[in-house]
1. Can you name the residue in region 296-320 that is hydrophobic (A, V, I, L, M, F, W, C) and touching a residue at least 60 places away in the same chain (Cβ under 8 Å) and is also surrounded by the fewest Cβ atoms within 10 Å (Cβ to Cβ) among such residues?
2. Sort out which residues of region 7-20 are under 13 Å from residue 254 (Cα atoms) and either in contact with a Ser or Thr (Cβ under 9 Å, 6 or more places away or on another chain) or not in a helix (DSSP H, G or I) (or both), and write them in order of number.
3. Could you give me the residue pairs with C-beta distances under 6 Å whose first residue belongs to region 557-570 and is more than 11 Å from residue 378 (Cβ to Cβ), whose second residue is modelled with pLDDT of 90 or more and part of a helix (DSSP H, G or I) wherever it lies, and which are 6+ apart or on separate chains?
4. Pairs please, first residue from region 217-243 and aliphatic (A, V, I, L, M), second anywhere and not in a helix (DSSP H, G or I), Cβ atoms under 6 Å, 6+ apart in sequence or on different chains.
5. For region 103-151: of the residues being at pLDDT 85 or above, of a type in the set (Ser, Thr, Tyr) and in a helix (DSSP H, G or I), which is nearest to residue 276 (Cα to Cα)?
6. Restricted to region 49-104, and to residues that are hydroxyl-bearing (Ser, Thr, Tyr) and within 13 Å of the chain's Cα centre (by Cα), which residue is nearest to residue 192 (Cα to Cα)?
7. Given the condition under 26 Å from the mean Cα position of the chain (by Cα), among the β-branched types (Val, Ile, Thr) and surrounded by fewer than 18 Cβ atoms within 10 Å (Cβ to Cβ), answer yes or no: does some residue in region 496-510 qualify?
8. Among the residues of region 86-102, is any among the hydrophobic types (A, V, I, L, M, F, W, C) and either under 19 Å from residue 423 (Cα atoms) or not in a helix (DSSP H, G or I) (or both)?
Amino acid sequence: MIGSSWLFSVLGASGVMGPASLLSWILAGLFFALMVFGFAELGGLFPFSGSLARYNHYTHGTISNYMLAWAYFVGAVTTVSSEAVAVVEYGSYYMPWAWNSKLGLLTPAGVALAAALILLFFALQLVGVHVFGWFNRVITAWKLIIPTLTFLLLLALYFHPSNVVSAPKGFFPFGTAAVFSGMITTGIVYAYEGFRQGLEYAGEAKNPQRDVPLGTLLALVVTIAIYVLLQLAFLGGINWSAAGVPFGNWTALSQSSWGPHPFYSELVATGVPILVGFSVLLLIDAVVSPAGTLAAYVGTSGRNLYGMSRVGYIPKFFADIHRGFRTPWIALIVSTIIAVVFLLPFPTWYEIMSVSALATVYNYLTVGVTNHALRRLAPDLKRSYRPPLWYIVYPASFIVAAMFVYWSGWSLVNVIIELVVVGLPLLVLGPYRSELRLSRSFAWSFAGVVWASSAAAIAAYYLKLNNMGLVGFAIYWTVISLIQVGSLAALWTASRGHPDIKGAVWLVIFNIAMGIISFIGSLGPLPEPIVPYPWDYLLAALVSLAVYFIGVYTAYETKDLKQVKERGLPIE
């Protein structure tokens, strides 16, 4: 669970929360702990690779699951981009030409270097170089040792409690709202997202009822402790004069020269020989750790596309295997191109990481609603793990995932919903067209209308409507909403009422409602929010709960779920 996030998040969290960042790490960890139970049950029911992108298929059909799986793919492919940016951004200490300190983003040369790193690992994945498993095993210990030594050394040799307890404006310099609203954009949520990987092997545990949640919760507790101690060590180790900012000016600190390499700059600024010497190891870690994740996710994102093609979600050519290399070459090429393209509008680690984190937690919406639907549709299905108080845990986990989406703010909520809408036509152009009994001409016409209308709406918003306040938003969001509702209506009519369309209604309602609340709430662009904090948080939670129950009761027994119930095995 320890990735590149620890290298940056401590400064990002300090910049928007101050000392309260310690509380944010703890609360985010507890929110993830709540979701452990739902993942554990689903992992035992469907213990196969890539199951997170397939759970909802059994209860809500292809369209709903595809929209969630597409977001998951976006999360994977942008992880490639974010890890490449992490390597270049930290390395800019010795490559100043890669970072524009005035604008706080990668230079064109820095973007080119990040793209080159992505292409390098793409080439290795394409030819099937099987070094990544060994590489990741070696650096797993390294990933734990370096962060642990970092906080131990700082706490022991250079810790100033006054930075935490005596800073101007106190423990909450930006108010309590920042503790939640900064979870996505500073990388705190991104840091915890690796928690679920072991849960996908729940069915293989000797005593899953005990071992799966206990083992995962223990790992999560250790991870929370490491991140909290890293944040504490960073806060206490700040040398304000060396950073060139006044004592307690957290915003200025986040915008200082420490920005692209926080811990390294802090260690050097201490002047303590041991810490200065240790900074060299940290700089090596800043390259090795993200590179390991980058290498893995280049393959993961390509194989996600390959997997979606194999199950009939997108056109068959994405599943083509290279005759010589025996790798999914088209899927790898396309995912690599997308990863490189994402570098252009998001040339900083915080920006591209925020998109990746949001896309992933958007997929987490599936956990609570799918579990509850399975309890209703298949109560007798053999479950290796059954969480206590599931009727509370599942809606609560859905609300947590929904609030993570909301806390990312309007600008990011808009991006993820745009990406989901734009990705929908690919489903209709693939083999799924036959399932809906759509003609080829209808499928292409549908795709053309959705893409053209979406492109026009998005362009109009960023060029003109976003400067028109509430009126501009009303025009734009009406169009985006009509595209989603109209798409389902068109597919419903053309397919003569296929149940998959009904199964996707809950997610479209969520998209439309969350967009509206995000714009009019405290995290939107309006100078005076229509629904201020904390009422917007309450509204978002209540609307999410309503959507949750809509999702539960629009679920139906799909063909694959029926087969699972009859055979007692998941359908691969």
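The values are calculated or read from the model by the stated rules, or taken from the named source; none is laboratory data. What you see is a predicted model, and the numbers here were worked out from it, not measured in a lab. Positions of Cβ are generated from backbone atoms using ideal geometry, with glycine treated the same way; all protein chains shown enter the neighbour counts.
1. Of all residues in region 296-320, those hydrophobic (A, V, I, L, M, F, W, C) come to 296, 298, 305, 308, 311, 314, 317-319.
Now restrict to residues that are touching a residue at least 60 places away in the same chain (Cβ under 8 Å): 296, 298, 305, 308, 311, 314.
Numbers: 296: 20, 298: 31, 305: 25, 308: 26, 311: 22, 314: 28.
Checking each candidate, the answer is 296.
2. Of the residues in region 7-20, the ones under 13 Å from residue 254 (Cα atoms) are 8-18.
The answer is 8, 9, 10, 11, 12, 13, 14, 15, 16, 17.
3. Correct list of pairs: 560/58.
4. Within 6 Å, the pairs are 243/256; 243/258.
5. 150
6. Quick first cut of region 49-104, residues hydroxyl-bearing (Ser, Thr, Tyr) only: 49, 51, 55, 58-59, 62, 64, 66, 72, 78-79, 81-82, 90, 92-94, 101.
Applying the additional criterion that residues be within 13 Å of the chain's Cα centre (by Cα) yields 72, 78-79, 81-82.
On the way: 72: 16, 78: 16, 79: 14, 81: 18, 82: 15 Å.
Out of the qualifying residues, it is 79.
7. no
8. Residues of region 86-102 among the hydrophobic types (A, V, I, L, M, F, W, C): 86-88, 95, 97-99.
Still in the list and also either under 19 Å from residue 423 (Cα atoms) or not in a helix (DSSP H, G or I) (or both): 95, 99.
Checking region 86-102: at least one residue is among the hydrophobic types (A, V, I, L, M, F, W, C) and either under 19 Å from residue 423 (Cα atoms) or not in a helix (DSSP H, G or I) (or both).
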